[in-house]
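Comments concern the structure below.
The values are calculated or read from the model by the stated rules, or taken from the named source; none is laboratory data. Nothing here was measured: the structure is a model prediction, and the numbers come from that model. Note that we place each Cβ from the backbone using ideal geometry, even for glycine, and neighbour counts take in every protein chain shown.
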Amino acid sequence: MELDDDAAYEVLKARDARFDGRLFVGVTSTGIYCRPVCRVRIPKRENCRFFGTPAQAEASSFRPCLKCRPEVAPGPGHAWSTMDASRTLARQAAHWLDGRVGDGGVPSIAALAERLGVSDRHLRRIFLAEHGVTPLQYLQTRRLLLSKQLLTDTRLPVTAVALASGFMSVRRFNAAFAESYRMSPSALRRETDTDAPATEAVVVHLGLRPPYDHAALLKFLAARAVPGVEAVAGACIRRSVRAGVLGDMAGWLEAEFLVDRPLVRVRFAPELSPVSGRLLATVRRWLDLDADPATIDLALADLPGAPGQRLPGSVDAFEMAVRAVLGQQVTVAAARTLARRLVDRFGQPAASPWPEIDRTFPSPEVLASAPVESVAELGIIRARAGAIAALAEAWPRLSARMRTERSPEPLIADLCDLPGIGPWTAHYIAMRATGWPDAFPPKDVAVLNAMKALFGATTPREAERLAERWQPWRAYAVLRLWNSLSTSP
């Protein structure tokens with residue numbers, strides 16, 4: 001959504017939350033940049049400069065506001081949300097960088113360009129055109145903002161914050177922080193001191209763009225929560241995280257919607273603090289915090305449903321894929337029962353603050369080495385047990401496909417090459433494991449029934465043709481269609 005400066009100033013005066021995370025204002029009289037929802041006094045028009053990203057503001061020597069905290073703002077939206085190929089590639093590149101904020105070192109932009117199927121030079125050019133900064137400037141800003149968030153919200157030692165934010169040494173971290181923010185990390189810690197002890201759970205906050213129908217999302221996840229691994233309680237969702245999902249350590253996390261503010265409070269095990277950046281990016285995708293509800297709701301205006309619907313993602317893509325196989329041609333409750341049996345037999349014990357979270361989901365390595373008979377004897381028909389084994393064996397290749405940031409078609413093709421996995425299952429995995437907003441599982445019975453009732457569609461081909469009007473948001477349309485029947489797979 002492009003705005004000229006006069007329109008952007010009107011957004012600022014209205015404190016319009018629809019533009020939170022997509023518009024930032026730098027105030028020349030203070031040298032500080034803010035979100036459009038900041039509650040401080042509105043600056044004079046002549047003192048305002050407007051930016052599309054924090055990286056642009058910081059490249060122009062503005063510092064982030066300590067009150068509205070730009071690091072908490074929701075992201076700009078889905079990489080696939082524009083039909084312009086160059087802008088899509090630039091957003092996909094930014095999404096890839098977001099997932100590597102805490103990894104340390106300097107990522108290879110040439111390798112990223114190759115993954116996206118373009119030249120290094122072309123990627124740098126379109127990235128600069130879309131984001132106003134180079135890829136490495138963008139990454140540096142993301143790392144600094146993550147460090148600011150961890151310094152403000154947690155009691156992690158400065159050394160741990162530096163490493164979790166992707167800085168290879170405390171010296172480099174201190175220098176970069178002081179150069180950009182004109183204060184040391186320790187000074188920021190003193191200014192925004194929190195009483196949270198360093199030995200307790202790590203707690204951070206993530207922003208979202210309202211409206212957000214968190215009740216519908218929690219209902220969807222609660223119906224599919226695997227006992228022992230995941231549970232929904234009130235406005236919270238809690239789960240274990242097996243080793244290998246975010247890093248070498250297992251742990252737990254909790255996400256709680258703050259119903260009086262557009263925030264999610266995220267708590268997680270201290271053992272996961274070294275991968276804080278990856279964890280927070282995962283939570284954003286899991287709960288679809290960066291979606292643009294105004295755009296999506298407008299595109300789906302001819303479908304029933306409350307505003308602010310979100311696309312439920314996943315923390316563990318392998319777990320999501322296995323559960324999709326278990327859900328073939330059975331009810332949600334039956335699939336949940338089968339998943340619990342699989343967890344009881346092949347999962348690992350897990351420690352968490354909650355007695356109902358006591359196991360981790362089995363790893364690909366464990367299920368790849370398990371005899372098919374030992375899976376089938378859990379009540380899982382042999383064909384699906386074989387599909388799970390094939391999925392587990394192919395997971396190194398499939399997980400690489402999920403990280404390419406390109407269109408999911410190659411992933412879907414690879415999944416369909418596996419025994420026991422057809423187009424519906426492949427699209428469902430792409431929809432929830434990668435957050436693909438345009439997924440449209442073919443020949444979905446519930447979707448067909450809903451489209452027949454709403455639009456008179458009688459065949460899958462007719463339904464797919466009618467669904468073209470909802471691109472690139474067909475996955476959200478699928479959720480609305482399922483909900484219209486009060487049933488979903």
Can you spot a residue in the range 35-44 that is touching a Leu at 6+ places or on another chain (Cβ under 6 Å), assigned to a loop (DSSP other than H, G, I, E, B) and either under 22 Å from T152 (Cα atoms) or among the acidic types (D, E) (or both)? yes
Just the residues that are buried (at least 19 other Cβ atoms within 10 Å of the Cβ), among the aliphatic types (A, V, I, L, M) and over 22 Å from the mean Cα position of the chain (by Cα), please, taken from the range 440-483. V447, A450, M451, A457, A463, A467, L481
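Here's the yes/no breakdown for (1) more than 18 Å from the chain's Cα centre (by Cα); (2) over 17 Å from R278 (Cα atoms); (3) outside any loop (DSSP other than H, G, I, E, B):
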site	(1), (2), (3)
R142	no, no, yes
R155	yes, yes, no
T159	yes, yes, yes
A175	yes, yes, yes
A178	yes, yes, yes
V203	no, no, yes
L217	no, yes, yes
V232	yes, yes, yes
R239	no, no, yes
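When residues of the range 1-34 are filtered for being assigned to a loop (DSSP other than H, G, I, E, B) and over 20 Å from V72 (Cα atoms), how many remain?
Result for the range 1-34: 7.
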Scan the range 390-438 for residues that are under 22 Å from G99 (Cβ atoms), in a loop (DSSP other than H, G, I, E, B) and in contact (Cβ under 8 Å) with a residue 60 or more places away in the chain and jot them down. R403, T404, E405, R406, S407, T434, G435, W436, P437, D438
State whether one or more residues within the range 74-93 are within 22 Å of T141 (Cα to Cα) and touching a strand residue (DSSP E or B) at 6+ places or on another chain (Cβ under 7 Å). yes
Need pairs with beta-carbon distance below 7 Å; first residue at positive phi and within the range 25-49, second assigned to a strand (DSSP E or B); sequence gap 6+ or separate chains. G31/R63
When the range 143-196 is examined, which residues are found to be in contact with a Lys or Arg (Cβ under 9 Å, 6 or more places away or on another chain), hydroxyl-bearing (S, T, Y), more than 23 Å from H95 (Cα to Cα) and buried (at least 18 other Cβ atoms within 10 Å of the Cβ)? T152, Y181
So, E71, is that one within 24 Å of L206 (Cα to Cα), touching a strand residue (DSSP E or B) at 6+ places or on another chain (Cβ under 7 Å) and among the charged types (D, E, K, R) or not? yes
Consider the range 360-377. How many of its residues are in contact with a Pro (Cβ under 9 Å, 6 or more places away or on another chain) and closer than 15 Å to E319 by Cα? 2
Of these, R41, R35, R18, which one is within 19 Å of L263 (Cβ to Cβ) and either aromatic (F, W, Y) or at pLDDT below 95 (or both)? R18
Regarding V447, is this residue of a type in the set (V, I, T), touching a helix residue (DSSP H, G or I) at 6+ places or on another chain (Cβ under 6 Å), in a helix (DSSP H, G or I) and assigned by TED's automatic domain parsing to the domain that holds R340? no
Is the range 242-263 home to any residue that is modelled with pLDDT of 95 or more, in contact with a Cys (Cβ under 8 Å, 6 or more places away or on another chain), small (G, A, S) and buried (at least 21 other Cβ atoms within 10 Å of the Cβ)? yes
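Among the residues of the range 266-283, count how many are within 19 Å of A351 (Cβ to Cβ) and without any contact (Cβ under 8 Å) to a residue 40 or more places away in the chain.
Looking only at that region, the number is 2.
Looking only at the range 264-283, filter to residues that are of a type outside the set (A, V, I, L, M, F, W, C) and surrounded by 22 or more Cβ atoms within 10 Å (Cβ to Cβ); which one of those is farthest from the chain's Cα centre (by Cα)?
Among those residues, the one meeting the criterion is S273.
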Residue hits (the range 96-140; without any contact (Cβ under 8 Å) to a residue 60 or more places away in the chain and not in a helix (DSSP H, G or I)) are V106, P107, S108, V118, S119, T134
Residue in the range 410-430 that is modelled with pLDDT under 95 and more than 26 Å from I381 (Cβ to Cβ) present: yes
Has the range 109-123 got any residue that is closer than 19 Å to L23 by Cα, acidic (D, E) and not assigned by TED's automatic domain parsing to the domain that holds R18? no
Within the range 273-289, track down each residue that is charged (D, E, K, R) and over 19 Å from K148 (Cβ atoms). R285, D288
Cβ contacts < 9 Å: first residue in the same structural domain as V101 (by TED's automatic domain parsing), restricted to the range 148-160; second residue basic (K, R), any location; separation 6+ or different chain. Result? K148/R69; Q149/R69; L151/R189; T152/R69; T152/R189; R155/R189; V158/R189
